[in-house]
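Novice: Here it is: the structure, laid out below.
The values are calculated or read from the model by the stated rules, or taken from the named source; none is laboratory data. Given the structure is predicted, the values throughout are model-derived calculations rather than measurements. Cβ coordinates were reconstructed from backbone atoms using ideal geometry, including for glycine residues, and neighbour counts include every protein chain displayed.
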């Protein structure tokens, strides 16, 4: 099924889409999704990811650009002729049909004579046989995700477009769904385009990543390249870096070896201090002292907020070895080779 | 009983107050009907059931109300859909217009329709000219029933269409359904119950109408599709019984009409459930 498919978006642009009461243009987006790969559209909420996906699926008009499947333009076709399996965030299961009839729905529409048998294949594949006679409201959210997936695949889509596949799932169901999606990418060869606001979903699945912010593409490339991409404030925040300073903050900070090192490592947009660039030791009288502003426990260890003048540093410490309390003074050590300069822009 | 009550020492008092108030209203709904049946007794109900004139009026009322509900669905469901789905200039005005028949006294509906359809004005003359008898004919009854009842179909189907899951429609489209197929297989089955409820309300409203009939169609002369003897609607017939033969005769016929209405109500509810079951196995697909 679907071997060797290629979905190519060229110059795809949506005009004047209203997201969270803000009007902006989305795109232009150029993107190629191949069989056996997953592309993840990543961005904070309100970035225009869902609108872009709905534009590709045919539910919003494109201002310009082309959507080609194996070389055939589909951007003017209605949604039902594009051959994409579009799964909305709420899944869009039919509440008045049982699981079995939800899965066979696309086959029933085509009047497929072997609809039941073909639906059964996907029911078995996703381990839904015991639930086949239930209605969607009688299922857990993880089970509903599997039904949506089975139904989308029963339609033999040319590509699967899924908006927030892991939303509202508990940890265990997330793992099951991620495994199923990975299997799908590898065994069925269906190009996958997923939308998510959660970078960890992207890291778990994506071959390629497109990061959107307010409709603009901020990064596009292989997942492996994402950590090495030039960082601006938005990307740094989005990727989870907590300690970053603007040139203005560094300018107002009191001079000392630490601040000088930060200024030297800074780019036009400031500097990011990754977690592993920072270490604390017992306070020795002198420079580079910081006081502990907050201590937070997490299952993976302690998160420390350390303040030095106007600068706040965040770092993590293993779960068992913390002797610090709020108000203590520590000395900060910086591995300057690990600092990441920020390029300009990226106001958020 | 309330099962989701949290620990709250005032809860028993609140529950008791709510129970007394609710029971009062339920009592007000039920007691007059019980009194009616007790007063009429088996004898008067049997009399009414053996009264050929009343049975004919009942048959006529069911025929006219059936036709009226068909028109109500035909015209009301699309309007409910439009109001639920589209934003357009003047939408709130249209919504207000839909409420007019519910707001104005129905005797006035009769007078207004009388004025509009009078053959002395061009519109009335045109309707009479194309051969649709309104006055003292079934079509006058149907007209009044549609006027006073179709709003219920519009309002309940609008509400039903509003609650249909938009994502399910988009998912269906993407799975290969044309807009018409998506409407038939996703929207309609989900709105079905609301449309049935609206139709039932419209039917009940039409059968209980009297003011409009008194003005527009007091006596019904045969015209297609009603071919029986001269008759009245059941409500007008009961009113005549009340003013000529007394309360007891009217009570017997009234009780019989209540029984018929209840039977229709139950039958529609059962059909509705069956219909939903059919929808679930792909009746609409």
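Novice: Could you look through region A:182-206, keep only residues that are under 12 Å from the mean Cα position of the chain (by Cα) and over 17 Å from residue A:145 (Cα atoms), and pick out the one that is surrounded by the most Cβ atoms within 10 Å (Cβ to Cβ)?
Specialist: So the first thing to find is which residues in region A:182-206 are under 12 Å from the mean Cα position of the chain (by Cα), and the list is A:193-206.
Next, from what is left, pick out any that are over 17 Å from residue A:145 (Cα atoms): A:197-200, A:202-204, A:206.
Working: A:197: 18, A:198: 14, A:199: 18, A:200: 11, A:202: 22, A:203: 15, A:204: 19, A:206: 24.
Of everything passing the filter in region A:182-206, A:206 is surrounded by the most Cβ atoms within 10 Å (Cβ to Cβ).
Novice: Here's something else I'd like to know. In region A:15-60, what count of residues is obtained for those that are part of a loop (DSSP other than H, G, I, E, B) and at pLDDT below 90?
Specialist: Of the residues in region A:15-60, 11 are part of a loop (DSSP other than H, G, I, E, B) and at pLDDT below 90.
Novice: Can you tell me which condition residue A:78 does not meet? The list is (1) buried (at least 20 other Cβ atoms within 10 Å of the Cβ); (2) farther than 23 Å from residue B:163 by Cα; (3) at the interface with chain B (Cβ under 9 Å from one of its Cβ atoms), and all the others hold.
Specialist: (1)
Novice: In region A:104-131, which residues are within 26 Å of residue A:171 (Cβ to Cβ) and either surrounded by 15 or more Cβ atoms within 10 Å (Cβ to Cβ) or outside the structural domain of residue A:178 (by TED's automatic domain parsing) (or both)?
Specialist: Of everything in region A:104-131, those that are within 26 Å of residue A:171 (Cβ to Cβ) and either surrounded by 15 or more Cβ atoms within 10 Å (Cβ to Cβ) or outside the structural domain of residue A:178 (by TED's automatic domain parsing) (or both) turn out to be A:122, A:123, A:125, A:126, A:128, A:131.
Novice: Tell me, please, whether a residue that is within 11 Å of chain B (Cβ to nearest Cβ), without any contact (Cβ under 8 Å) to a residue 40 or more places away in the chain, in a loop (DSSP other than H, G, I, E, B) and closer than 30 Å to residue A:8 by Cα can be found in region A:121-141.
Specialist: Scanning region A:121-141 turns up no residue that is within 11 Å of chain B (Cβ to nearest Cβ), without any contact (Cβ under 8 Å) to a residue 40 or more places away in the chain, in a loop (DSSP other than H, G, I, E, B) and closer than 30 Å to residue A:8 by Cα.
Novice: While we're looking at this one, here's another question. Name every residue in region A:151-189 that is touching a strand residue (DSSP E or B) at 6+ places or on another chain (Cβ under 6 Å), under 19 Å from residue A:70 (Cα atoms) and within 14 Å of chain B (Cβ to nearest Cβ), in order of residue number.
Specialist: If the condition is that a residue be touching a strand residue (DSSP E or B) at 6+ places or on another chain (Cβ under 6 Å), under 19 Å from residue A:70 (Cα atoms) and within 14 Å of chain B (Cβ to nearest Cβ), then A:155, A:157, A:158, A:159, A:160, A:161 are the ones that fit.
Novice: Still on this structure: Any residue at all in region A:142-150 that's assigned by TED's automatic domain parsing to the domain that holds residue A:74 and in contact with a strand residue (DSSP E or B) (Cβ under 7 Å, 6 or more places away or on another chain)? Steps first, please.
Specialist: Quick first cut of region A:142-150, residues assigned by TED's automatic domain parsing to the domain that holds residue A:74 only: A:142-150.
Of the ones still in play, those that are also in contact with a strand residue (DSSP E or B) (Cβ under 7 Å, 6 or more places away or on another chain) are A:148.
Checking region A:142-150: at least one residue is assigned by TED's automatic domain parsing to the domain that holds residue A:74 and in contact with a strand residue (DSSP E or B) (Cβ under 7 Å, 6 or more places away or on another chain).
Novice: Sort through A:113, A:89 and tell me the only one that's in contact (Cβ under 8 Å) with a residue 40 or more places away in the chain and more than 14 Å from residue A:159 (Cβ to Cβ).
Specialist: Exactly one of A:113, A:89 is in contact (Cβ under 8 Å) with a residue 40 or more places away in the chain and more than 14 Å from residue A:159 (Cβ to Cβ), namely A:89.
Novice: Moving on. Out of A:248, A:333, report the one residue that is part of a helix (DSSP H, G or I) and more than 27 Å from the chain's Cα centre (by Cα).
Specialist: A:248
Novice: Which residues, taken from region A:86-109, are assigned to a helix (DSSP H, G or I) and facing chain B (nearest Cβ under 7 Å)?
Specialist: Scanning region A:86-109 gives A:101, A:105, A:106, A:108, A:109.
Novice: Now for a different question. If I ask for residues that are more than 16 Å from residue A:192 (Cα to Cα) and either within 8 Å of chain B (Cβ to nearest Cβ) or in contact with a strand residue (DSSP E or B) (Cβ under 6 Å, 6 or more places away or on another chain) (or both), which ones from region A:63-75 would you list?
Specialist: Our first condition is that a residue be more than 16 Å from residue A:192 (Cα to Cα); within region A:63-75, this holds for A:63-66, A:71-75.
Of everything in region A:63-75, those that are more than 16 Å from residue A:192 (Cα to Cα) and either within 8 Å of chain B (Cβ to nearest Cβ) or in contact with a strand residue (DSSP E or B) (Cβ under 6 Å, 6 or more places away or on another chain) (or both) turn out to be A:63, A:64, A:65, A:66, A:73, A:74, A:75.
Novice: Follow-up question, since we're still on this one. Looking at B:98, B:115, B:94, B:77, which one is part of a helix (DSSP H, G or I), more than 19 Å from the chain's Cα centre (by Cα) and closer than 30 Å to residue B:166 by Cα? Reasoning before the result, please.
Specialist: Working: B:98 fails: more than 19 Å from the chain's Cα centre (by Cα); B:115 fails: closer than 30 Å to residue B:166 by Cα; B:77 fails: more than 19 Å from the chain's Cα centre (by Cα).
Of the residues listed, the single one that is part of a helix (DSSP H, G or I), more than 19 Å from the chain's Cα centre (by Cα) and closer than 30 Å to residue B:166 by Cα is B:94.
Novice: For region B:171-187, which residues satisfy the criterion of being at the interface with chain A (Cβ under 10 Å from one of its Cβ atoms) and either assigned to a helix (DSSP H, G or I) or buried (at least 21 other Cβ atoms within 10 Å of the Cβ) (or both)?
Specialist: Selection gives B:171, B:172, B:173, B:174, B:175, B:176, B:177, B:179, B:181, B:182, B:185, B:186.
Novice: For region A:252-265, give me the residue count where each residue is more than 13 Å from residue A:335 (Cβ to Cβ) and touching a helix residue (DSSP H, G or I) at 6+ places or on another chain (Cβ under 6 Å).
Specialist: Within region A:252-265, residues that are more than 13 Å from residue A:335 (Cβ to Cβ) and touching a helix residue (DSSP H, G or I) at 6+ places or on another chain (Cβ under 6 Å) number 2.
Novice: Sort out which residues of region B:135-170 are within 13 Å of chain A (Cβ to nearest Cβ), in contact with a helix residue (DSSP H, G or I) (Cβ under 8 Å, 6 or more places away or on another chain) and in a helix (DSSP H, G or I), and write them in order of number.
Specialist: Once the filter is applied, which keeps residues that are within 13 Å of chain A (Cβ to nearest Cβ), in contact with a helix residue (DSSP H, G or I) (Cβ under 8 Å, 6 or more places away or on another chain) and in a helix (DSSP H, G or I), region B:135-170 yields B:160, B:168, B:169, B:170.
Novice: Follow-up question, since we're still on this one. Among the residues of region A:165-182, write down those that are in contact (Cβ under 8 Å) with a residue 60 or more places away in the chain and in contact with a helix residue (DSSP H, G or I) (Cβ under 8 Å, 6 or more places away or on another chain).
Specialist: Selection gives A:165, A:181.
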